[in-house]
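Beneath this line is the structure, given in structure tokens, with notes to follow.
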Amino acid sequence: MDSCFPPLSALSLRDSKKSNITVRNRLSSGDAPPLVPGKSTPGKIEILQDLDLYYIRQIAHNLKEYDLEQKIEVEIKMREGSARLLAAARHRAQSLEAARALLTSNERMSAYMAELQRRKKEPISKPSNPASTARVSLSELRVPLMWRDSDHFKNRGDYRRFAVFCLARIGTEIHDTALLCPVDRALTDITFPDVLLFNNVPADFELTLEIYSHILQEDLSIASTPRRIKRTIHSSISKTVGKKLAASLRDELNSGKIGPHFELMASAKLTLDDTDENIHTHDLVINNLENKHHALPLFGHFCCRLAAQPDCMTKEITTGSVNINGRDCWARLQNFNIQSWESRKLAEGEQNPIFTIPINKETSIQPTKCQKEVKVINTSEGTEKPSILKFESSEEAQKWLRHLTVHSKDHERWKHAAETVQEVPCMESARNSFISSKRQGSLYDETPLIESVQSDYTSHSRPTVQEIFGLTPSTSLSSCSSNSPPSHRSRSHSTSGSRKLSAAAIKSHWPFSNKHHD
């Protein structure tokens, strides 16, 4: 179990000199389980880590950070349940799921502790008119793999199998994807069916994506070898291979590690500039492992759809009775527009507004000499179009002035996400997003091939592997639980004629776009 997460004592908020006093205080208060006397054992270390968790929760309570206290309470229960499952697991799937849950819980606890330290040093001051946050979604996550041609097409060579999942984090909010297992040489890319949602995200957010994998050691068995070798396996294993296998098993037994150990394979950072309605490719920073044999054969890139939808586009900012340019109406500020109706009833009935005033980063919002008025100026084709908003009281005018100013700045903060609506699914649709009647193929099958000028496909769209060879879509990672043997596929390398291809003809295209090269 200790192999799944680092010791929490390294992240403790307390001073090392006061640790003994703190432990005694916690024990006497009954906030944590009693410490078992005796020699130093893994069980004792585990109890000390649990004490750290209870102590962190108590700090959050004392600082009146009740939101963090509730989150820490949930993670303590998650950690306890996952630890019990990992200790009692008898099947590989149970062990892998428990190890994934433990790693995710530990990452969340580390984020909560860092946030608690930050709030302790710098208390949060809530502004009267805060900037608009957004809902951010990460979906269509696909990671190409780089196997050798003999591994993938001839089903021989690299016998390794992996269990893979991803973590995505924005601030203290961390989500994990489904665990995909087994990932082997039959698969050209990893497809995650999840839709990860983040709420209350600021405009300067940074999303960190991490790919974790665990090599399945038991797949060094006879089941992973080609058919010809299976017949003569009794005479094929040399003493050197036998010694290596024995050493691997001996090291795992002597290390005292309980359960699978997931390692960080690669990571990437995405920001507001990477958000879009469509799927785009991004670069991965691959982590260098000491044991290269455990490294997942990543291609170095991944594609996903990262969408951001500011809350001010879907939620009304303020409403009220306003006199706009001498006409009494009911106005609503939302989605970077002031929409007005003749009455409140028409507005609630979602009738078409009688007129709309845009509010964007170019809009000038000014108070007038009259305390009950606000002047809004928009520029169109070099011509200023002023609008005078008159309110019933100066307090109402000041409220609208503040909201209009913040709304205009929100348009500048959210950049292109404020220009075009990016669809972000709700929680229910995200939860059921993996239920799809259409089976998703691999990136390899969707990648167009280079064709010659004399090809029959020149007048149409570039053909794919499936169209040329009449292949059925290969197994996608969204349904990789099947253990059926992969189909043998081959790609033709023959060419017709000796005419040179044009630059446009030899340019390859991926089924998704790369924002860095647009």
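Every number in this text was worked out from the coordinates using simple rules, so none of it is lab data. Remember, predicted model here, so these are calculated numbers, not experimental data. Cβ: placed from backbone, ideal geometry, glycine included. Neighbour counts: every protein chain shown.
Beyond 28 Å between alpha-carbons counts as too far, so tell me which of 71/269; 315/409; 71/399; 372/409; 315/345 fall in that bin. Walk me through the numbers before you get to the answer.
Values: 71/269 25 Å; 315/409 17 Å; 71/399 35 Å; 372/409 23 Å; 315/345 18 Å.
In this structure, 71/399 exceed 28 Å between Cα atoms.
Using the count of nearby Cβ atoms within 10 Å as a rough guide to exposure, how do 392, 122 rank from fewest to most?
Values: 392 12, 122 8.
The fewest-first ordering by Cβ neighbours comes to 122, 392.
What's the local net charge at residue 393, with K and R +1, D and E -1, over the other residues with C-beta under 10 Å away? Kindly include the intermediate steps, with their values, before the conclusion.
On the way: positive: 372, 399; negative: 392, 395, 396.
Every neighbour counted, the sum reads -1.
Give me the net charge of residue 325's neighbourhood, meaning all other residues with Cβ under 13 Å from the Cβ of residue 325; Lys, Arg count +1, Asp, Glu -1. Around residue 325, the surrounding residues sum to +2.
Tell me, in nm to one decimal, what length is gained between residue 342 and residue 264 on full extension, where the rule is 0.36 nm per residue of separation less the Cα-Cα distance?
Numbers: separation 78, 0.36 × 78 = 28.08 nm, distance 5.92 nm.
Additional length available on full extension: 22.2 nm.
Using a simple spin-label model with pseudo-atoms 7 Å out from Cα toward Cβ, residue 352 and residue 398 lie 4.0 nm apart. Label separation (residue 318 vs residue 364): 2.1 nm, computed from points 7 Å beyond Cα along the C-beta direction.
Of the GluC sites (Glu not before Pro) found in the range 256-347, those that fall in a DSSP loop while having at most 16 other beta-carbon atoms within 10 Å are 277, 290, 316, 342. Taking amide H as placed 1.01 Å from N in the peptide plane, residue 205 has its amide H under 5 Å from the amide H of 272, each at least 5 places away in sequence or on another chain. Going from the residue with the fewest nearby Cβ atoms within 10 Å to the one with the most, 355, 162 rank 355, 162. If you wrap the tightest convex hull around every Cα atom of the range 316-419 and split its volume per residue, you get 103 Å³.
Rounded to two decimals, the Cα-based Rg/Rh of the range 282-354, with Kirkwood Rh, is 1.52.
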